[in-house]
Each structure stands twice: as structure tokens, then as C-alpha cells.
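Visitor: I am attaching a structure below and will ask some questions about it afterwards.
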Amino acid sequence: MRKIGDIASQTGQLTEVHNLVPLPPPYDRVEDLPARKELKPEVLDRIDTSLDGFSALGLSRPQTPEEERKFIDRFLSGLEKLLSADNNWTFLEPLNLSLDHCARCQSCVEACPIYTASGHDEVYRPTFRSEVFRRLVNQYHKSGGRALAWLKGEDIELNAATLCRLLESAYRCTLCRRCAQACPMGVDNALLTREIRKLFSMEMGIAPKEIHDKGSMLQLRTGSSTGMNARAVRDNVAFLDEEIRDQTGLTIETPWDKEGADVLLIHNAGEVLAWPENPMAFAIILEAAGISWTMSSDLAGYDSVNYGLWYDDAQFARVAVRQAEAARKLKVKKIVLGECGHGHKASMVTADRLLCGDLNVPRESALVLLRDIVMSGRLALDPSRNDFPVTLHDPCNMVRMMGIVEPQREILRKICPQFREMTPHGVDNYCCGGGSGFAIMSGYNFADWRFSVAGRMKLKQILNAFADCPSPAVKKYVCAPCSNCKGQFRDLFQYYGVWEKSGILYGGLAELIVNAMADISQPYIKWEFH
Amino acid sequence: MLLIILISVAVIVFFAGNAVRIVHFLRMPTPLRWELYPIPKGPRARQRYGGSYFEQSDWWTKSPDTGRTGELAFMAKEVFLLRSVWENFRGLWLWSWLLHWGLYFYLLTTVLAVLAAVLRAGSFRLLHLAVLYGFPLACSLGVAGSLGLLVMRSLHPRLRGYTTRSSVFNLTLLGAVFVTGLLSLSDGAGLDGLVRVLLRSPASLGHYGKISQAHLALVAFFLAYFPFTHMTHAYMKYFTWHGVRWNDSPAIHDPRAAKRLAASLQREATWAAAHIAAGGPVKWSEVASDPGGRGAGRA
């Protein structure tokens, strides 16, 4: 069994992924899976993989004692700032509460899908990184900390290995917060994980390039983390309007920058490129329901993503303010967030106390608007068009962290005769395994870890939900009303060959509604585009 | 005399230490929201599945959710039944429950003994009986709980790696308090006797046996030690649960939100990463309004 102090070990790898929880047949055949990506020796020489053999960040270990000293000093400087009101007024209180009140009772550990999937690997225990971080804070931040740490037997050597492993470990948690639900004290390991990420990003400039350089920085520069500027997104959406006409015969022109509209719809812009059927479905539904709506071509006004939520308060605040400014400028009655979980939470919850006065434009979930439309009878719906097995994935950010549980279920119960729940579901759901940025992170060999460990419990859940109809001949649908989760399902299903072995397709909620619309002659869901 | 001084100092440290801790948290800046469902507020039907006000269209036009009763009921289950431990770590529950109830009974009987002494209620037989039987019960539960937890912490694979000297020390201290409490009964004083002497004629404490004195010394040490440990979770749950986990109050319904935000935005950030304040301190209002970040380069 690994000890907490082992994180400082100067040599070797802390653990190796090998004792994974078994998947049901035919997914238990390891030989059917793609080979794990072998990192080249020159890459292994350059980057740190000493946590578990995987790398999310491509972090280089300091090469000289001077570099190591500097690395440690920068961390300690960041630690001081993380625990100061001026630098961390945003989360200082919950951070301190979680640092000070853990009873180390381990009640939370079984709630973690990653720890469970890994076969209870100590390194993935949700309290492991929290305890390392807590001990570092106690030892190196508090007065008399070193002597007390020694006395208590809680001292940890602070070296480059400790820090590299701690940071990598912060990217082995999807911030799903199931462990926080289980804690009798209200301690939140996911918050501590996020604060560790934040320290490294905001003080040391270290974050995964997918969520910083190619994510929030790109969004602030161009307007979207996809890199689409306003002109590109308008061109792409105009193309989708044409697609709607070709597929359904409906003539729709997506409204842009319409002042005074009731609804400013902000999608995750990734939908436009990766799952265009989702924004198309929204356009069809809103037009058919007679909603006064618009999209914004202002910077960040057409992309609901806010990756700062996962790792950096400065980036978070900048994007949240840009999105609110776009809504204020158009004088809309409300912002409606499309099917993007973290976009929901970032805008409606975490940014709430950042946006005051006329910047606090009311914000609502698209699931609620869709529920109102479907239940109002404004659309002619034929549930027999959705007469195939459907299950629902609950995105953590919308459900566990926002309590939006029933609207999507009301819709599915009305339009999907074979709807069935996963176990567990609702606020107790398992994360898809792509949360907190993982769905867009595939650098080095991280994708292998994401598929084999992070997404494992979710895959088991999905297969169990369809256990009564396992044959690939029976087409089945996982409704995932979140772009990030869909990104994870796309990659996870491909990795395990889920379409070929089980005939399971994933997609959004709006697509199921349009598929049930009696006025549209052709089926909207295209099974062949799995 | 030394014991009297020790007890007096311990009581002062206990109250001052806890007060400082509470004030420290009360004075922290209002953080961003970080709630977690289920939250025991709002209509009961919605609470059952963990729903929130966000499920309503135009939620900002509706009355905000309230739910002191729901929160209190939830907290009562947590405090008296250790609901989360029962649901998530059944093997630990019994020992933890015994220890907690030992502490609750100890606190209760002490309060009753103080009442009896202050009211000079020697003739209140019920009060006397409650203390007479409550104190040994408290100590018995506490001994069983702390011993059980010590064994669990030493042997159970889920706990062993997270059991440090301080965990062992805390449980041993609690165990010693309860064991000496039980043994002090053989001195013939009983809790009400000890409390009466402490309050009315402390100078005569020396007449009591060594075990009773040891018990009081241990209690004094525990009181002084308590505010500096994680055991303050006893009351800090108010902050972790009510203040953070259940705090889903929207800013739109909070008239003081703008003032608090304005104060926070005036704070100076000194984060050294290139995209924040590498060039020197910068106000949070400037951080948030800086559209491109300060340079794209990463260290």
C-alpha cells in the first residue's frame, strides 16, 4: 500500500494502472482494445510521468538544483497567495474550510468513480491529493508548521517530484464532487483539486495547453475556444440553416444580434463544428414554438464555454464578464444556455456573484425552456418516432451542482416510450469521465487513462441500462445534454467499439425532440452517422 | 490550586479560541458560489430528488427558496445519527456513533450538573438521577467509541494509511478522559460533586482522589486543545454546509451583493503568471476586464 509521503519519492513511478474493475462481456477482452500509446524514450526523458505513467500536462521536471529551488519557491509563493484574501477572495473561505476540517474518516472514498474503477488504487483515492496538499499547507504555510508536522508524523519532503506528482494528480479528478456529497463534514476534495490547479496556473503559468492556450486564451482572443471568430461562426451557422432546409424542408434563418429579443441563446460553440445537429435542432424547435430569440456575434457571446471554471479564476472572470456584456448590449430578457454543463454552472452559478447591476442578466437553462415548449403542446410530437431504448446521462455540472434534474426527464418521459434510468442517476450520477476539461485533453498518453479509468464506471452504467437489449441490432440512444460529456462519449465509445458491439449512439436532448416532431417527414436522428 | 488555574485557563482558551476561529471565518470575503445538491430547501417534492429553483422558468421572478426546517432536520440526522457515515462507511459508524454520543451525554450531564450546582437543586431528584446515571453512561459510550476507533484506525485498510500520530493522540486523549471519568466514580465524588466543588469551593478540590483530579486535568487539556483541531467540525459544519454547500442564494435577490463585489474588485492580485499580474499588482476589476489576458506566453 502506498503511503502519502511516497509522493516525494525521487525515483520510480508511484503506481501503475493494472487492477481495473472488470467490464461486462464482450468489453472484458483486453485484446480487443486499441494498444496503449507508448511514449517515445526521448519524450519520457523530457516529461514527468512519475505519478502513474501518464501525462496530462507534459510537465518537465527541473534539471538542476537551482531550477528545482526556483520551482519550489514559486510554488510556495503561490501557496501564500492562494491562502490570502487579496489574491483568492473568490474561494478562500471554502478552501480553508476544506483544509481544516477533514476528520480523515474516508467516508468519501467509495463515492469516487475513478478510485472505484482503478480497483482502489491508493494514488486515485480522492483524499490522497487532498491530504498531500493539506500537509504541505500545514507544514510550509502555517507558523511552527515544520515542527508540528514532524511531531505529528505528517511531514512531507517538498521537492520537484512532490510538486510534479501533485499537479498531475490534480488532473486525475474530474471535479464531479461525488466525494463532497458523501463527506459528513462538508469537506470538498474537488474544490481542493481545483485550488491546486489554480495555484499552478495563476502563479506558475502551468496548465494543460488544451484548456489554457488553446482554450480560454483562444476564446478571449477570437471569441471562441474553437478558434471561430464572429464571421466564421456566422458562416458556419448559415450553412447549418441550409442543412435544415435540405433535411427538413423548413426555411430558417438564425437571427443574429437582434436587439430586444426575449432569449439570447448561447451554445457551446463546439456544437456548431462537432455536433451541428444540436444547434440545428434548437433552431427548429425555437422557430416552431414561436420564441423571440437571437444569437450574438460579440466576443464570447456565441460560445458558452468557460474553461476557467476548472483551473483559473482570472480566466474565468474574463470570459464570464464578456458573455454578460454581450447579453447586456442586446438588451435581451434572458440568456438561455444551450446543452453545455460547465457553461451552465460557470454562467448561472459561479459567475453569479461576479455579475452585478445590469451585467447580471437573468440566465436560464435550455432544458427548462425545452421542457416548457414540449409540455405546452406548442409542438406536434409523435413519441412512436422515438420508440427505441433511451437512457439519460446526468451532466454533473447541471445536475449535482445545479439541481436541474426533472425538466429533461419530463421531456423524455413524454417523447421516449422506452426511456429508462441509469443506476445511480440524478444528483447521484457518475461523471462521464471527461469532466473538468478531460474530454478535450488527449495529449501525450492521457487519452488512454481517460478511457480506461475515468470513463469506466460510466461505460458500465450505460451497458447496464441497456442490459435487456444488448444486441447491436437494437439501436439505442444515450441522451447526453452536454457538449463536454458528448465529447467524452464520442471518444469512449470509439475506443471500446460500443457502436459495433452494442449499437449504442449518443446525442443531445434537442435532437430527440425534433426526431419526435410530427411535422418533419424524415427521421432527424441519423443512426448511420454514429 | 494548580488544577484550578489549569481549568480556568483552559476554559478561557476554549471560548477565546473558538470565538477567534468563528470570527476569522466570518470576516473572510464572500466567496463565489459553490453549492452542491441535494439542498434541503424549497418544496419538499423537489428536495426528494435534489432539484433546485433553476428548474423553474424565469426563476428570478419567483420567491427565493427558504428552508430552515429542512436544513435543521438534515443537520439533526447528521449530528445525532451520523447519517453520512452510516451511508458511506458502515463499518466505522458504530464506533463513531458511540464516541459522539459519549461526548453528547458528557456535555449534557455536565450542563445538568452545573445547573444543579447553580440552582442549589440538591432536592431535584430527577436532575440528580440524570447526572448520576448519565455520566457513567457517557463515559462508557466514549470509552467503547474511542477504543473501537483506535482499533479501526490501526487495522482497517481504508483508514490505516490516513492514521497519523495526531489521530491516535486525539482518540487516546478522548479515551483517557472517558476512562478517568469512569474511574473517578470510585473516588465517590461523581460528576455533580466535582462540579459543585469547582463552582462553590474550589479550594477543597484537593480533598478528592488523584483519579478525579487527573480526570479534571485531562478535561482541561482537551478544552484548551479543542479549538486548534479539526474537531471544531462540531460547529464549523454551519459554515461548510449552510454557508457553502447549501448556499444557492442568487445575487439578484441579494441587495448587498453589489457592495460586496465592489469591495472585492478593489483588492489587488499579485499572481505572477504571465496572463495575470506578472508586471506588478493589479486590481481584480482590471483582471476581470482585461479582454485578452496579459500576454499569451506561458512560463
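Throughout, read-outs are computed from the coordinates displayed, never taken from laboratory work. Predicted model, so just to flag it, every value in this text is computed and none were measured. Cβ: placed from backbone, ideal geometry, glycine included. Neighbour counts: every protein chain shown.
Visitor: As I understand it, the dipole of the protein assembly as shown uses +1 on the Cβ of Lys and Arg and -1 on the Cβ of Asp and Glu, about the Cα centre. Which of A:P94, A:L151, A:A465 lies farthest toward its positive end?
Guide: The listed residue farthest towards the positive side: A:L151.
Visitor: With r as the distance between the Cβ atoms of B:H24 and A:A289 and R0 = 41 Å, compute the FRET efficiency 1/(1 + (r/R0)^6) and round to 0.05.
Guide: 0.20
Visitor: Which whole-Hz ³J(HN,Hα) couplings does region B:86-95 yield from phi under the Karplus relation 6.51 cos²θ - 1.76 cosθ + 1.60, θ = phi - 60°, glycine and proline marked x?
Guide: Calculated HN-Hα couplings, in order: 4, 6, 10, 8, 4, x, 8, 4, 4, 5 Hz.
Visitor: Pop the C-beta distance of B:L126 and A:L20 into the FRET formula with R0 = 56 Å and round what comes out to the nearest 0.05.
Guide: The pair B:L126/A:L20 has a calculated efficiency of 0.35.
Visitor: Can you give the calculated 222 nm mean residue ellipticity of chain B, where each DSSP H run of n ≥ 4 adds -39,500 (n - 2.57) and the sum is split over every residue, rounded to the nearest 500 deg cm²/dmol?
Guide: Value at 222 nm, helices only: -19500 deg cm²/dmol.
Visitor: If packing is taken as the average count of other Cβ atoms within 10 Å, what order do B:74-82, A:212-220, B:62-70 fall into, highest mean first?
Guide: A:212-220, B:74-82, B:62-70
Visitor: So if I take the centroid of the Cα atoms in region B:94-108 and the same for region A:349-383, what is the distance between those two points in Å?
Guide: Region B:94-108 and region A:349-383 have Cα centres spaced 47 Å from each other.
Visitor: Separate question: So what's the gap between the Cα centers of region A:1-23 and region B:23-64, to the nearest angstrom?
Guide: Here the answer is 39 Å between Cα centres.
Visitor: In addition: Which entries of A:K458/A:K526; B:K62/B:K283; A:K40/A:K458 have Cα-Cα distances beyond 26 Å here?
Guide: B:K62/B:K283; A:K40/A:K458
Visitor: What does the structure give for B:83-93 when I average, per residue, the other chain Cβ atoms found within 10 Å of the residue Cβ?
Guide: Taking the mean over all residues of the peptide, I get 4.
Visitor: Additional query: Can you give the Rg/Rh ratio of region A:12-204, where Rg is from the C-alpha atoms and Rh is the Kirkwood radius?
Guide: Rg/Rh: 0.99.
Visitor: Same structure, new question: Please report the net charge: other residues with Cβ closer than 12 Å to the Cβ of A:A269, K and R +1, D and E -1.
Guide: It works out to a net charge of -1.
Visitor: Please list the non-local residues whose amide H lies under 5 Å from the amide H of A:G223, H modeled 1.01 Å from N, same-chain partners needing a gap of 5 or more.
Guide: A:A300
Visitor: Ok, one more. If R0 is 30 Å, what FRET efficiency do you get for B:Q266 and A:E80 from their C-beta distance, rounded to 0.05?
Guide: 0.90
Visitor: Collect residues whose amide H, placed 1.01 Å from N in the peptide plane, falls under 5 Å from the amide H of A:I335; neighbours closer than 5 in sequence don't count.
Guide: Hits under the 5 Å cutoff: A:L264, A:R363, A:E364.
Visitor: Take the cross-link list A:K152/B:K259; A:K81/A:K152; A:K486/B:K259; A:K37/A:K198; A:K345/A:K476 and give me the ones stretching past 32 Å between alpha-carbons.
Guide: As for pairs spanning more than 32 Å Cα to Cα, those are A:K152/B:K259; A:K486/B:K259.
Visitor: What relative contact order, as a whole-number percentage, does chain B give when Cα pairs under 8 Å and 6 or more residues apart are counted?
Guide: 21 percent
Visitor: Skipping prolines and chain starts, which residues have an amide H placed within reach, meaning under 5 Å, of the one on A:F419, given they are 5 or more residues away or on another chain?
Guide: Counting only residues 5 or more places away or on other chains, the set is A:V390.
Visitor: While we're looking at this one, here's another question. Which whole-Hz ³J(HN,Hα) couplings does region A:125-132 yield from phi under the Karplus relation 6.51 cos²θ - 1.76 cosθ + 1.60, θ = phi - 60°, glycine and proline marked x?
Guide: 4, x, 8, 4, 5, 4, 5, 4
Visitor: Ok, one more. Within chain A, what percent of beta bridges assigned by DSSP are antiparallel, to the nearest 5?
Guide: Of the beta bridges lying entirely in chain A, close to 5 percent run antiparallel.
Visitor: Now a separate question. Measure nothing but the geometry: give the 0 to 90° angle between the long axis through the Cα atoms of A:230-248 and the longest principal axis through the Cα atoms of chain A, rounded to 10°.
Guide: The angle comes out near 50 degrees.
Visitor: Also: Run the reach check for B:K77 against aspartates and glutamates, Cα to Cα strictly under 19 Å, same-chain hits fewer than 8 apart removed. What comes back?
Guide: B:E87
Visitor: Sticking with this one: Once phi is turned into ³J(HN,Hα) by the Karplus curve 6.51 cos²θ - 1.76 cosθ + 1.60 with θ = phi - 60°, what whole-Hz value does each residue of region B:247-253 show in order, with x for glycine and proline?
Guide: 8, 10, 5, x, 4, 5, 9
Visitor: A further question on this structure: Any chance you could give the angle, 0 to 90 degrees and rounded to 10, that helix A:366-376 forms with the longest Cα principal axis of chain A?
Guide: Taking the Cα atoms of chain A, the angle to A:366-376 is about 30 degrees.
Visitor: Please compute, for peptide A:150-159, the average count of beta-carbon atoms on other protein chains lying within 10 Å of each residue's beta-carbon.
Guide: For peptide A:150-159, the averaged partner shielding equals 2.
Visitor: Ok, one more. Helix A:189-204: angle to the longest alpha-carbon principal axis of chain A, degrees 0 to 90, nearest 10?
Guide: Result, in degrees: 80.
Visitor: Take the alpha carbon atoms of region B:160-208, find their center, do the same for region A:214-257, and report the distance between the two centers in whole angstrom.
Guide: Cα centroid of region B:160-208 versus Cα centroid of region A:214-257: 72 Å apart.
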